[in-house]
Every structure is written in structure tokens, then in C-alpha cells.
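I have placed the structure first, in the form of C-alpha cells, so that the comments after it can refer back to it.
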Ligand SMILES: *Cc1c(COP(=O)(O)O)cnc(C)c1O
């Protein structure tokens, strides 16, 4: 149990290590600031070009007809992501839902989708019918999903992907972030290479990106390099820790329109949907996104260095290029996953007294342990740490409204690990 008298008074050797990791990561953290300046300009421009105004913040009720705020927010996102169209809604329940809406709206019986970056994220599998025993997957509609494994270096196998694309292949699905897999996340450049190779084999293939955790990490997004549609969560990067819930879809007009018929129905699409009082928070969150992403990235880079110096196995390393806000830490056992997550939880502003316990979550095949004492339930743009109870018993650290908090949390987790090892 934690001694609250000495709360966050860390021993000298940890404070020294904190400083050492700060010094070692200076260059990488400067780079993060350069990227966030670039992206803040991009976001501000979109707000100015769309003439965002106070009256856009007032919500509609009922059908939500003529909701100028909703329509403007969609156009702001389309500008940010350099796409023709966007749907940004508090009523999209999560990133998984945003992606599902795109899939359901665009795939038809007889179509095939190729998962080009190996096994997709846990919650995507039931949507495609790739998780035996779960109901309602697209397999029930005669839609085939085919997974192309990563190559021996854990990179996308471009020749195999191209080879697999056939007449039947309607969509190609690329996942940018590693998810709960001990593999590298794929940079926008790598995704761009796959996109152009796929399009030269089949011009009309729809390339879809699971962009969760990726937004605002680089200066460009996959849609800048030809991706047709992307989905993400507003309790991750693009909500800026302000949006209370929601998801976003950006992309080509026809693909987003089809997605919108699945979010609501044919005929209505994105033209209805009361925003109640949420518009301001969604606008404000998007405006905050570049900065909050930068705070959490500085946290991830520092944590990677600090933890590696303390003997932990980390991915990515502090000086590896980054394309998402995730920091993987391989711990090797369930017990260590529990202790590390407890240390993070105890250093959260909300529910610090809770003890994270692995539990089944909807859409996940293994129990998930999750530390997240966040203002918004489950928000992983706030400091959080989670992982599935399975080999290699890794936890994935992400988020942080401010860099200072990430440091306190990670140092507390390490102190907890040290204490539990000597108990
Ligand atoms: C978070 C995440 C999702 C979506 O998860 P939700 O919890 O439904 O928002 C999808 N793919 C990846 C890679 C993710 O990290």
C-alpha cells in the first residue's frame, strides 16, 4: 500500500534518472514541438477558413436539422485531414464504431477486404467475423476478410499484399498504430508506399486507415498520401482531452457518404443528428489536439528512455521515429502488468485509490488490465496504461494532458515495481 505521507517524494536515484532521461531526450522532444507548431497552424487555418463562430457552439435537439455547428465541424475536420468530407459526431461511440460504420457502409456481399498490416486490433475482428463465436460480423453478409501477415521483420509484406489484391478486393485496410501487438507502428510514409503500390495494381480500391492514436503525431496524415478514408476516436488524439465522447471519419466524399448511411440510414446520412450541447467541446478538443498530442508524445519519449535506462524492454525506443502516441513496455508476467498499472493508477487525478484488475471488455478476446484515472471515462489521450493478459505481457502507456503528469505517473509505477520486488 502506498504511504500517502511521502506521496510522489521519489528516492534520489529515481530523480537522477528522471533528469538523465530529460537530458537524453532533448533533441527528440524539440522535434515534437516543431511538429506540433506545424499542426497547430494547420488546425488554426481550418478554423479560420471555416469561420468558426460562437453560434456554432449552440446545439440542436430533435432531428438536428440545419445544425450549422455540426456541418462546420465536419468541414473543419475535412480541411485538417485534406479530404473532401468528414463526419464528426458525439454519437459515434468509439473508434471501433467509427471504423465499423465505414466498413458496414461500404462493403457489400461478394466483396473482399484485405487486412494488409497483419492481425487487426482486437475490436476490429468481431466486425469482420474474424473472432469465432461473436455475432453480427460482416462474414454473415458474405463479405470475406483476408489477413496478410507481416513479414519476418514485422513490417507490411508489400509484395504479398499486392499479390493478394484481386477483382473481388473492394477495400484494403491498414492499421497505423501497433494496438496491443508487440510490433512497430507504421509511419505515414510506409502507409503511403502501400497505398501507391495498391492503387497501381487496382485503381479503384478503397484504402481505409485505422488512424487511432496517429492523428497529429506527424506533419502529414495518410490522407495526404492518397488514403481514401480514415476513422478515429475523440477520446484519443482528435478530442484533445476535451471532447467528452465521439468519433470521426474523414475521407473521399462517396466513401464517407456511404459510411454515413450506416451511421444513420440511407436517405438521412449525415444530415440529421442533434448535437445537443456538445459542439463547443468537439471544436475546442480539435483545437487542442496538436498540443495535447505533443504533451503525451514528450511523455512517451521520456518514458521510453527512462524505462530503458532502468532496465525495461521498451518499444519504440526513445530515438526511434514515432507515428503514434503509444509506448510499449514488455513486462513478461501478469503480476508485473498489474503492479505497473497500479503504480500509474495511484498517480491519476481521478480514482487514484482504485486497484486495476484485468477484466473482460466488450470486443476483446483476452482480459484487459487498464489503469486510467481519467476525467473522461476510458480516455486514453489522458495518462493511461493498459494491455491484454497474454504473451508477451506488455502494457501500453499513452496519453497525458501534460508531460509533467506522465513523469509522475511513470516514476510512481517504477517505484511500485521496485517496492513489490523487495516486499
Ligand atoms: C483504440 C484503437 C481502436 C479503437 O478503439 P476504441 O476503444 O473503440 O476507440 C482501433 N484501433 C486501434 C489500433 C486502436 O488503438
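Give me the helices (runs of 4 or more DSSP H) completely within region 15-118, filtered to those with at least 2 residues that are assigned by TED's automatic domain parsing to the domain that holds residue 309, ordered by residue number. Quick ask: steps written out before the conclusion?
Working: elements: 26-49, 68-80, 95-106.
Counting at least 2 such residues, we get 26-49.
Here are the criteria: (1) surrounded by 23 or more Cβ atoms within 10 Å (Cβ to Cβ); (2) within 22 Å of the chain's Cα centre (by Cα); (3) part of a helix (DSSP H, G or I). Tell me which single one residue 287 does not satisfy.
(1)
If you take the residues of region 372-397 that are crowded, with 23+ Cβ neighbours inside 10 Å and part of a loop (DSSP other than H, G, I, E, B), which of them is farthest from the ligand (Cβ to nearest atom)?
Selected residue: 383.
Kindly check whether there is at least one residue in region 291-303 that is more than 19 Å from the chain's Cα centre (by Cα) and either closer than 30 Å to residue 423 by Cβ or touching a residue at least 60 places away in the same chain (Cβ under 8 Å) (or both). Let's see the steps before the verdict.
Initial filter on region 291-303 (more than 19 Å from the chain's Cα centre (by Cα)): 302.
Now narrow it down to the ones that are either closer than 30 Å to residue 423 by Cβ or touching a residue at least 60 places away in the same chain (Cβ under 8 Å) (or both): 302.
Within region 291-303 (the criterion being more than 19 Å from the chain's Cα centre (by Cα) and either closer than 30 Å to residue 423 by Cβ or touching a residue at least 60 places away in the same chain (Cβ under 8 Å) (or both)), the answer is yes, since at least one residue qualifies.
Is it the case that some residue within region 170-182 is modelled with pLDDT of 95 or more and assigned to a helix (DSSP H, G or I)?
No, the conditions are met nowhere in region 170-182.
Let's see how each residue does on (1) in contact (Cβ under 8 Å) with a residue 60 or more places away in the chain; (2) within 22 Å of residue 382 (Cβ to Cβ); (3) more than 13 Å from the ligand (Cβ to nearest atom):
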| position | (1), (2), (3) |
| --- | --- |
| 195 | no, no, yes |
| 209 | no, no, no |
| 227 | no, no, yes |
| 231 | yes, yes, no |
| 237 | yes, yes, no |
| 246 | yes, yes, no |
| 250 | yes, no, yes |
| 260 | yes, no, yes |
| 271 | yes, no, yes |
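I'm trying to understand the selection: among the residues of region 340-371, which are surrounded by fewer than 18 Cβ atoms within 10 Å (Cβ to Cβ) and either within 17 Å of residue 417 (Cβ to Cβ) or more than 16 Å from the ligand (Cβ to nearest atom) (or both)?
Selection gives 349, 350, 351, 352, 353, 354, 355, 357.
So that you can scan it fast, the table gives a plain yes or no per residue for (1) under 24 Å from the mean Cα position of the chain (by Cα); (2) within 16 Å of the ligand (Cβ to nearest atom):
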{"site": "112", "(1), (2)": "no, no"}
{"site": "121", "(1), (2)": "yes, yes"}
{"site": "128", "(1), (2)": "yes, yes"}
{"site": "145", "(1), (2)": "yes, yes"}
{"site": "151", "(1), (2)": "yes, no"}
{"site": "160", "(1), (2)": "no, no"}
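If you take the residues in region 246-282 that are on the phi > 0 side of the Ramachandran plot and part of a loop (DSSP other than H, G, I, E, B), which one is surrounded by the fewest Cβ atoms within 10 Å (Cβ to Cβ)? Don't jump to the end; show me each part of the working.
Narrowing region 246-282 to residues on the phi > 0 side of the Ramachandran plot: 246, 251, 267, 269, 273, 276.
From what's left, part of a loop (DSSP other than H, G, I, E, B): 246, 267, 273, 276.
On the way: 246: 25, 267: 8, 273: 22, 276: 12.
Of everything passing the filter in region 246-282, 267 is surrounded by the fewest Cβ atoms within 10 Å (Cβ to Cβ).
When you check residue 86 against the structure, is it under 27 Å from residue 179 (Cα atoms) and within 16 Å of the ligand (Cβ to nearest atom), yes or no? Before you say what the answer is, go through the steps one by one.
Values: under 27 Å from residue 179 (Cα atoms): yes; within 16 Å of the ligand (Cβ to nearest atom): no.
Against the criterion (under 27 Å from residue 179 (Cα atoms) and within 16 Å of the ligand (Cβ to nearest atom)), residue 86 does not qualify.
What number of residues in region 332-365 are part of a helix (DSSP H, G or I) and either under 23 Å from residue 119 (Cα atoms) or modelled with pLDDT under 95 (or both)?
Let us first name the residues in region 332-365 that are part of a helix (DSSP H, G or I), namely 334-345.
Adding the requirement that they be either under 23 Å from residue 119 (Cα atoms) or modelled with pLDDT under 95 (or both) leaves 334, 337.
The number of residues fulfilling the criteria is 2.
If I filter region 172-193 down to residues being farther than 17 Å from residue 124 by Cα and in contact with a helix residue (DSSP H, G or I) (Cβ under 6 Å, 6 or more places away or on another chain), which single residue comes out as surrounded by the most Cβ atoms within 10 Å (Cβ to Cβ)?
Per the stated criteria, the residue is 191.
Test residue 140 against the criterion of being farther than 26 Å from residue 389 by Cα, more than 25 Å from the chain's Cα centre (by Cα) and part of a loop (DSSP other than H, G, I, E, B), and give yes or no. Spell out the reasoning first.
Details: farther than 26 Å from residue 389 by Cα: yes; more than 25 Å from the chain's Cα centre (by Cα): yes; part of a loop (DSSP other than H, G, I, E, B): no.
No: the conditions fail for residue 140.
Quickly run through region 87-112 and pick out the residues that are in contact with a helix residue (DSSP H, G or I) (Cβ under 9 Å, 6 or more places away or on another chain), under 9 Å from residue 247 (Cβ atoms) and buried (at least 24 other Cβ atoms within 10 Å of the Cβ).
Of everything in region 87-112, those that are in contact with a helix residue (DSSP H, G or I) (Cβ under 9 Å, 6 or more places away or on another chain), under 9 Å from residue 247 (Cβ atoms) and buried (at least 24 other Cβ atoms within 10 Å of the Cβ) turn out to be 87, 88, 89, 92, 98, 99, 101.
Among 77, 10, 65, which is modelled with pLDDT of 95 or more, more than 23 Å from the chain's Cα centre (by Cα) and surrounded by 13 or more Cβ atoms within 10 Å (Cβ to Cβ)? Give the steps one after another, and end with the answer.
Details: 77 fails: more than 23 Å from the chain's Cα centre (by Cα); 65 fails: surrounded by 13 or more Cβ atoms within 10 Å (Cβ to Cβ).
Exactly one of 77, 10, 65 is modelled with pLDDT of 95 or more, more than 23 Å from the chain's Cα centre (by Cα) and surrounded by 13 or more Cβ atoms within 10 Å (Cβ to Cβ), namely 10.
State all residues of region 346-379 that are out of contact with any helix residue (DSSP H, G or I) (no Cβ under 9 Å at 6 or more places or on another chain) and closer than 23 Å to residue 240 by Cα; if no residue qualifies, say none.
Correct list: 350, 374, 375, 377, 378.
Given the conditions (1) farther than 16 Å from residue 177 by Cβ; (2) touching a helix residue (DSSP H, G or I) at 6+ places or on another chain (Cβ under 8 Å); (3) surrounded by 17 or more Cβ atoms within 10 Å (Cβ to Cβ); (4) in contact (Cβ under 8 Å) with a residue 24 or more places away in the chain, which single one is not true for residue 309?
Every condition holds for residue 309 apart from (3).
Quick check, is residue 319 within 16 Å of the ligand (Cβ to nearest atom), in a loop (DSSP other than H, G, I, E, B) and not assigned by TED's automatic domain parsing to the domain that holds residue 185?
Values: within 16 Å of the ligand (Cβ to nearest atom): no; in a loop (DSSP other than H, G, I, E, B): yes; not assigned by TED's automatic domain parsing to the domain that holds residue 185: yes.
No.
If you go through region 240-268, how many residues are under 14 Å from residue 91 (Cβ atoms) and touching a helix residue (DSSP H, G or I) at 6+ places or on another chain (Cβ under 7 Å)? Walk me through it before giving the result.
Taking region 240-268 first, the residues under 14 Å from residue 91 (Cβ atoms) are 243-249, 259-260, 262-265, 268.
Remaining after also requiring touching a helix residue (DSSP H, G or I) at 6+ places or on another chain (Cβ under 7 Å): 243-244, 246-249, 259-260, 262-263.
So the answer is 10.
The values are calculated or read from the model by the stated rules, or taken from the named source; none is laboratory data. Everything quoted here is computed from the prediction, not taken from an experiment. Here the Cβ is made from the backbone with ideal geometry for all residues, glycine too, and neighbour counts use every protein chain on show.
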